[in-house]
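Data block below; observations after.
The values are calculated or read from the model by the stated rules, or taken from the named source; none is laboratory data. None of these values were measured; they are calculated from a predicted model. Cβ placement follows ideal geometry from the backbone for every residue including glycine, while neighbour counts extend to all protein chains displayed. All accessible areas refer to the heavy atoms of the entire protein, side chains included, with ligands and DNA or RNA removed. Shrake-Rupley method; radii C 1.70, N 1.55, O 1.52, S 1.80 Å.
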Amino acid sequence: MDRPKKKVVLRAVNSMSSLSTSVKENGGKGMRAVNSLTSISELDDSDLLALLVDRPRVKLERKNSYEEKSFSELSLYDGWETPTFSISDSFDPHPMVSKAWEALFRSQVYFRGQPVGTIAAYDHASEEVLNYDQVFVRDFVPSALAFLMNGEPDIVKNFLLKTLQIQGHEKKIDRFKLGDGAMPASFKVLHNPIKKTDSIIADFGESAIGRVAPVDSGFWWIILLRAYTKSTGDHSLAERPECQKGMRLILSLCLSEGFDTFPTLLCADGCSMIDRRMGVYGYPIEIQALFFMALQSARSMLKEDAEGKEFMDKIQKRLHAMSFHMRSYFWLDFQQLNDIYRYKTEEYSHTAVNKFNVIPDSIPDWVFDFMPLQGGYFVGNVSPARMDFRWFALGNCIAILSSLATPEQSMAIMDLIEARWDELVGEMPLKICYPALESHEWRIVTGCDPKNTRWSYHNGGSWPVLLWLLTAASIKTGRPQIARRAIDLAEARLLKDGWPEYYDGKSGRFIGKQARKFQTWSIAGYLVAKMMMEDPTHVGMISMEEEKHMKPVLNRSFSWC
Ligand code: GLC
């Protein structure tokens, strides 16, 4: 199949000479000092305009709604002084790109003649199809972004409306009815060649291994609706009564009052990308970051009518409480680690420093070596007497993109990735989490899961799909050289290896033991990363700036001090 014509035309306007001037001005040390995000978020629109005018960039001519992007979003791509990032390089389409488009088009799934999504994996060689022949909501996100960036929004719109209809189905697991807002993990189109009819079956967790409902699906749905709106400028979809209702139903599941003492969302193990037991129950960073991003997205799309108003108030309060909680208690850097190491325990009352009663002896040995002097990250989970110190890629990248992380924390996360490149990226971007669970811990935490043995699959495996998130985060923080390095690694192997779902091993060298080939999100993730490097304004679809009034007074240590 021919790759469709790209609808975005790009032209480099600033020559490499202006690129090297800014490098020299920066003492050749790259861009960190110049692009302090702290200062960016403190700038007003006129300052941002000046920044946009001043810096070397690409000029865009596009036929869609670029003009409608706000300056606050444009301010994100402020980082072209890097010595290793060459604008001219990024305009050479790699031979892999056309192969990836072919594979992405082949993965489209049709319902009554209309494309409604992409199949998880197009792997006929694999003996076991399981549910990889379905359209997964989370897996479709990078496909959707690729289509949007390519000026093809129809499949995304069809997907959003189809999943919305599915949301309206009654959802039961045995005799128990799930909340109305739940979105499916995946769906499958059944073609009846005799009757010539199409029908859909969906999975809300009632067929999934482990029977867990996907908490992330609803969040991704809202995030995608915003990306669609941003990219096309078509607000009419989000304004439709059924989309407004869909958002409210999703939100009412997670904004309802209960017994919670934390603003974070309590979850079962396996309710997101890591969809089997991996010790991520409680308050996993992946869900918290997606929740935060979905709240921000909903806030920009919900109408303030009689029904929407109440949600807007709740969203505002929750965002405020969550940013404080996450930035204070999930954040870990050298100083904070040292503080926890010296924590007293059994403190009572509101004066307690060690609020969750984390016992210093529970800090794993690896983290003392892993933590660089400069850098930090959001830990995997925080709940009473339990801190999961593991580093998770998706949650940390989404924290940057959603501005759950402060500008300084965002920089520190990227510092950590650079400082621990061998561990987190190795030979294939990017580790889903670090480090792997081994031996006794693996037995206890995973329940002896043979698919999740050390450095494989969800247990420290390397997932090419995460490349798009790393790229978006790198661009937002003004450090595209990190993405460039990662894309080079992916280009050395992905096509040759048949677009595997994941890689195994401490440095991600081996194609995963049970990895599917032609895994669609590995293909789409690569394309999205490439297109964002070509045209960094694409990051605006999936990125949001910190609200000024949300800036908390931080009483914690940070790695830049
Ligand atoms: C696996 C992954 C999950 C993904 C699905 C389809 O179950 O763990 O994250 O959505 O495959 O690719």
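Please state the charge dipole magnitude for the stretch 393-480, taken about the Cα centre, from unit charges on C-beta atoms (+1 on K and R, -1 on D and E), reported in debye and rounded to the nearest 20.
220 debye
Which pairs, out of Lys177/Lys314; Lys496/Lys530; Lys99/Lys513; Lys172/Lys476; Lys309/Lys530; Lys230/Lys451, put more than 29 Å between their alpha-carbon atoms?
Lys172/Lys476; Lys309/Lys530; Lys230/Lys451
What figure in square angstrom, to the nearest 10, would you give for the accessible area of Trp421 with a 1.4 Å probe?
Here the accessible area works out near 20 Å².
When only C-alpha pairs under 8 Å and at least 6 residues apart count, what is the relative contact order of the stretch 95-541, in percent?
Answer for the stretch 95-541 is 15 percent.
List the relative contact order of the stretch 282-387 as a percent without decimals, with contacts defined as Cα pairs under 8 Å and 6+ residues apart.
36 percent
With every protein chain kept in the model, how would you rank Glu304, Glu286, Glu102 by accessible area, 1.4 Å probe, largest at the top?
Glu304, Glu102, Glu286
Provide Leu495, Leu416, Leu178 ordered by accessible surface of protein heavy atoms (probe 1.4 Å), highest first.
Leu495, Leu178, Leu416
Residues with beta-carbon under 9 Å from that of Ala202, excluding Ala202: net charge, scoring Lys, Arg +1 and Asp, Glu -1?
Here the count lands on +1.
Take the alpha carbon atoms of the stretch 289-337, find their center, do the same for the stretch 364-390, and report the distance between the two centers in whole angstrom.
23 Å
Per residue of the stretch 507-516, what does 6.51 cos²θ - 1.76 cosθ + 1.60 with θ = phi - 60° give for ³J(HN,Hα)? Whole Hz please, x for Gly and Pro, Karplus curve as stated.
Once rounded to whole Hz, the list reads 10, x, 8, 9, 4, x, 3, 10, 5, 6.
Amide H of Ile200: which non-local residues (sequence gap of 5 or more, or other chain) have their own amide H closer than 5 Å, using H built in the peptide plane?
The list, which skips near neighbours in sequence, is Leu190.
Output ³J(HN,Hα) for the stretch 541-547: one whole-Hz value per residue in order, computed from phi by the Karplus curve 6.51 cos²θ - 1.76 cosθ + 1.60 with θ = phi - 60°, and x for Gly and Pro.
5, 10, 10, 9, 8, 5, 6
Give the value in nm², to one decimal: projected area of the alpha carbon convex hull of the stretch 95-541, averaged over all directions.
Hull-based average projected area comes out at 21.7 nm².
His235: accessible area at probe 1.4 Å, nearest 10 Å²?
100 Å²
Based on Cβ point charges of +1 for Lys and Arg and -1 for Asp and Glu, what charge dipole magnitude is obtained for the stretch 95-541 about its Cα centre, in debye rounded to the nearest 20?
680 debye
For the stretch 334-426, which trypsin sites (Lys or Arg not before Pro) are in a loop by DSSP, counting at most 15 other Cβ atoms within 10 Å?
Sites meeting the loop and neighbour criteria: Arg342, Lys344, Lys355.
Leaving out ligands and nucleic acids, note down the accessible area per residue over the stretch 95-541 with a 1.4 angstrom probe, in whole Å².
For the stretch 95-541, the per-residue accessible area is 37 Å².
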